[in-house]
1. Based on this model, can you work out whether residue 304 counts as surrounded by 23 or more Cβ atoms within 10 Å (Cβ to Cβ), modelled with pLDDT of 90 or more, among the polar types (S, T, N, Q) and part of a helix (DSSP H, G or I)?
2. Contact list please: Cβ distance under 9 Å, first residue in segment 417-434 and farther than 10 Å from residue 192 by Cβ and among the acidic types (Asp, Glu), second residue in a helix (DSSP H, G or I) and open to solvent by 40 Å² or more (accessible area, probe 1.4 Å), pairs at least six apart or on different chains.
3. Have a look at 247, 214, 201, 243 and point out the one that is within 17 Å of residue 432 (Cβ to Cβ), of a type in the set (Gly, Ala, Ser) and surrounded by fewer than 20 Cβ atoms within 10 Å (Cβ to Cβ).
4. Report those helices (runs of 4 or more DSSP H) wholly inside segment 158-272 carrying at least 2 residues which are in contact with a Pro (Cβ under 8 Å, 6 or more places away or on another chain) and not aromatic (Phe, Trp, Tyr).
5. Give 90, 75, 112 a once-over and let me know the one that is small (Gly, Ala, Ser) and either within 16 Å of residue 318 (Cβ to Cβ) or at pLDDT 80 or above (or both).
6. Mind telling me which of the residues 111, 133, 97 ends up being among the hydrophobic types (A, V, I, L, M, F, W, C) and in contact with a Pro (Cβ under 6 Å, 6 or more places away or on another chain)?
7. Could you list, in sequence order, all residues of segment 392-406 that are closer than 20 Å to residue 234 by Cα and open to solvent by less than 40 Å² (accessible area, probe 1.4 Å)?
Amino acid sequence: MAYAPENFSNLHYQNNGYLEDNLDLENNGNLIKTKDSASDDHHYHRQVLRTAHNMSSSSLRKKSELSLLSNVSVGFVRRTLSNINEVILGTKLAVLFPAIPLAIIAHCYHFGRPWIFALSLLGLTPLAERVSFLTEQISFYTGPTVGGLLNATCGNATELIIAIFALSKRKIEVVKYSLLGSIISNLLLVLGTSLLCGGLANLKKNQKYDRKQADVNSQLLLLAFLCHLLPLMFRCGSTNSDASAFAILQLSRASSIIMLIGYIAYLFFQLKTHRKLFQADEEVAVDGSDDVVLEEEAVIGFWSGFIWLAGMTVLIALLSEYVVGTIEATSSSWGLSVSFISIILLPIVGNAAEHAGAVIFAFKNKLDISLGVALGSATQISMFVVPLTVILAWILGIEMDLDFNLLETGCLGFSILITAFTLQDGTSHYMKGLVLMLCYIVIGACFFVLRAPFQSTYISNLGLMKSSGGEFLGA
């Protein structure tokens, strides 16, 4: 790549002894590396681990127009404008960013709670995609292992932060519902939509994918299901409710520790020993006809990326607090149960960017990336976010267990099993995706008609029947 020595001084600046931005802006808007930093940039590029999650998010990015910034003479102003251009305007979801200040204004001026909820939910959508972009930018400097760990931690930051805020407000059911909904939506909605759209768009093509990654994720999901099933079976088989509640809590905490150990082993498997199974093939993922932006080098500096990531995390935390604080009022205003909003609406809107990326690659017959997004996210939530939430509740003195009740646990187990059966032969067609989507619609209809927690409603109805001598008095 060419370089222009006369323009080097425009973007060079020192940050804690480290030369952060080794890029320059030509009049045509192309990024140009300095001569003495070219090898370093290639070093960062070679070591970036591009997972299916990164590839999926890249489908929603757009190339930045930097030609106008070359006319800005002040280096600091130009760098600031360049960062804003890359971080804020460098996504196709930039149109949703105004929802963030609108949500803050609605909260400060005490607008209707449903408005605050809706605006906050919309604002979380671009933030989740930008977190993925920023973690990838940081990984150019940190290398694949640290970058992979950062992506593993921040990949589902929205779900984790919402769970933490709900936990701090003692809304344990909201925590369970939202995490359960994220797992089910990834397995049935995202994967189903991807297989359906990919099958219809490639009717005359032989759709195949690598089963190795799907097998590993399926095993971990089945382990997570076992950890949810045992507390439920323990409660149903116990005659002493007080003793069983304590035993379920202890079992859940022990199971959570085991799940976190399993997830750490999974990260070592993914990032070290079997990296090739999880690394997306860029040559396969991107061809001349694909509208996918993959940065060949970092477009923002390390500390700039870190500061932007911290700022995005603060905004996610703020909007998550709004969502948790207004969910009951929204439920009453919209006539929807809290379970339906938490299990269906939150995952659909909050993860819309990631879901859209998976579907886009499925259209292009690149199912390995779509499967990596759906299964990888479901595995991360079930094996990391859920047990971590239980451990955090333990530290805060809150009694949260892995007993998600009979209906919820049954839906989780069915979703995992039908997904494992769907992916067992390594081939795909639109009928598989249609069946998964229909299963998701049925589960959504179930929670739509469920107006109260299943367990409490069932016990209440039994009490009414007994008090009336067997006659059922009301729902």
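1. On the way: surrounded by 23 or more Cβ atoms within 10 Å (Cβ to Cβ): yes; modelled with pLDDT of 90 or more: no; among the polar types (S, T, N, Q): yes; part of a helix (DSSP H, G or I): yes.
Taking the combined requirement at face value, the residue does not satisfy it.
2. Hits for this filter: 425/211.
3. On the way: 247 fails: within 17 Å of residue 432 (Cβ to Cβ); 214 fails: surrounded by fewer than 20 Cβ atoms within 10 Å (Cβ to Cβ); 243 fails: within 17 Å of residue 432 (Cβ to Cβ).
So the residue among 247, 214, 201, 243 that is within 17 Å of residue 432 (Cβ to Cβ), of a type in the set (Gly, Ala, Ser) and surrounded by fewer than 20 Cβ atoms within 10 Å (Cβ to Cβ) is 201.
4. On the way: elements: 172-184, 191-201, 211-237, 241-268.
By residue number, 172-184, 241-268.
5. On the way: 90 fails: either within 16 Å of residue 318 (Cβ to Cβ) or at pLDDT 80 or above (or both); 75 fails: either within 16 Å of residue 318 (Cβ to Cβ) or at pLDDT 80 or above (or both).
None of the others qualify; the one that does is 112.
6. On the way: 111 fails: in contact with a Pro (Cβ under 6 Å, 6 or more places away or on another chain); 133 fails: in contact with a Pro (Cβ under 6 Å, 6 or more places away or on another chain).
Answer to the check: 97.
7. Listed by number, the residues that qualify are 400, 401, 402, 403, 404, 405.
Quick grid of which residues meet (1) farther than 24 Å from residue 270 by Cα; (2) open to solvent by less than 10 Å² (accessible area, probe 1.4 Å); (3) β-branched (Val, Ile, Thr); (4) under 16 Å from the mean Cα position of the chain (by Cα):
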residue: 378; (1), (2), (3), (4): no, yes, no, yes
residue: 382; (1), (2), (3), (4): no, yes, no, yes
residue: 413; (1), (2), (3), (4): yes, yes, no, no
residue: 417; (1), (2), (3), (4): no, no, no, no
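The values are calculated or read from the model by the stated rules, or taken from the named source; none is laboratory data. Bear in mind the structure is a predicted one, so any value in this text is a computation, not a measurement. Quick reminder, even Gly has a Cβ in these numbers, built from the backbone with ideal geometry, and neighbours come from all protein chains shown. Surface accessibility is based on the protein's heavy atoms, side chains included, excluding ligands, DNA and RNA. Shrake-Rupley method; radii C 1.70, N 1.55, O 1.52, S 1.80 Å.
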